[in-house]
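For reference, the structure is listed below as structure tokens.
The values are calculated or read from the model by the stated rules, or taken from the named source; none is laboratory data. All figures in this text were calculated on a predicted structure; none of them were measured in a lab. As a convention, Cβ positions derive from the backbone with ideal geometry for all residues, glycine included, and neighbour counts pool all protein chains shown. Only protein heavy atoms, including side chains, enter the accessible area calculation; ligands, DNA and RNA are left aside. Shrake-Rupley method; radii C 1.70, N 1.55, O 1.52, S 1.80 Å.
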Amino acid sequence: MMKKIFLLLLASSALSSLALTKGMAGKAGRLSVGLDTLFSASLPDEAECSDTLAEDTVVADSIDSDYVTPLTTQQRIETLLASDLLQTSQVGFMAYDLTADSVIVAYNESQALRPASTMKLLTAITALDKLGGDYRFSTWLKYRGTVFCNDDDTKALCGDVIVKGGMDPRFGQDDMRAFVEALQKEHIDTVYGTLKADLSFKDAAKYGEGWCWDDKNPVLTPLLWNRKDIFLSRLKEQLTEAGIVITDSVRHGWQGYDEGESVPVRLLCTRHHTIEQVLMRMMKESDNLFAECVFYNISADVARPASAAYTRKVMQETLRRAGVKHSNYRIADGSGLSLYNYQTAAMQVALLRYAYNNNNIFEYLYPTLPIAGVDGTLKRRMQKSPCYGNVRAKTGTLTGISSLSGYLTTRSGSLVAFAIINQGVLRAAPAKAFQDKLCRILCDR
């Protein structure tokens, strides 16, 4: 009997508290809280319920650590929404309890806002959904022509050495050395021909749509060396150092042989890096180049040359599978550098839910997310709060934009998917402090 009375009093109190939020209708946003979430954890006998490492720093959270009941969770969020920050900027956020399968809180969750680098979540989830966790980024070394033996047991190639790029951002010195050694194993010391770059993997676009001209933007080429478009010149240098002579010039921008040409092309060496290796740096360090390489590999798997337009279609299909039926968003690139990207907090949470419910995605995605106070772009945030080690999320920072989306674990052990997008902030630090406080409120549940 006492339990029934307590429940009735609690329901009345919760409805009264929600009624207080009607006064917020005149403000820019709307706050909604899941009543089932409030009630389910309140009975006494139930369980309690364009980024860089240097830029993503914020002062320590100052909220006290006293445990609060779920009813005061709403009050704390209302207090946070009354901050001066939201008098001059916008915010949209949503939190969804994956364990209880219910909405915890939502505010302006359907407003289209610029996501900045949380755009990388869509890129990563689409890549894992479309390509799978065993996908590999590849670069190929080939030759075309005839090999002749010299009197001194060396060989000469009358033809071309061809490097075919697959936009592998992790191609490094070990891989370049393997290419040189592949020619040495054939005992080829002279190439009477040309060193060619096969760039047929993607279209000719060197930069993303909506990128600012004065930013330090990555170059979108299938063949990269140290993040620059200097692959062939570096390969020729290393071949020369190894005693292999290329008699003719280096040829950039070659699109491959016609199918009707009779001389066969022979594969000498292939270098691979896994999607897991690429995603780890892309997400932990918010690497824009890595994100764009993933972006183009999404469409290159089924169409050549790869293009941003086709990748967008694949991403739209992933969003439909995630339950996003509306078109209140825009996709421009894979990294979030573009000012033309628009997403909603609800859309990002739908993606996170989709990933969670698909183990072939979640098992690869979750380990790549920065951990609060531990690593990546969250290493210096939330170090002295219940969020430490319990928030795994992608950060986002552009001029006027700050965002944070991912997963967190509550005090009661529930896993929560959340998305927070602050827009119109002239300084990132207050927005990051807002995000950290909201995460703490959610972790305290």
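Given a Förster distance of 51 angstrom, what is the FRET efficiency for Gln173 paired with Arg320, based on the Cβ-Cβ distance and rounded to 0.05?
0.75
What does the accessible area per residue of the range 126-199 come to in Å², with a 1.4 Å probe and no ligands, DNA or RNA counted?
Value returned for the range 126-199: 40 Å² of accessible area per residue.
What does the charge add up to near Ser307, with Lys and Arg as +1, Asp and Glu as -1, over the other residues with Cβ less than 14 Å from its Cβ?
Cβ neighbours under 14 Å give a net charge of 0.
How much of the accessible area of the range 322-445, in percent, comes from carbon and sulfur atoms when a 1.4 Å probe is used?
Reported share for carbon and sulfur atoms: 47 percent.
Could you tally the net charge around Ile246, taking each other residue with its Cβ under 10 Å from the Cβ of Ile246, Lys/Arg +1 and Asp/Glu -1?
For residues surrounding Ile246, the net value is -1.
Summing Lys, Arg as +1 and Asp, Glu as -1, what charge do residues with Cβ under 10 Å from the Cβ of Lys164 carry, Lys164 excluded?
Once all neighbours under 10 Å are counted, the net charge is +1.
Per residue, how much accessible area does the range 310-394 show when a 1.4 Å probe rolls over the protein heavy atoms, in square angstrom?
Here the per-residue accessible area is 40 Å².
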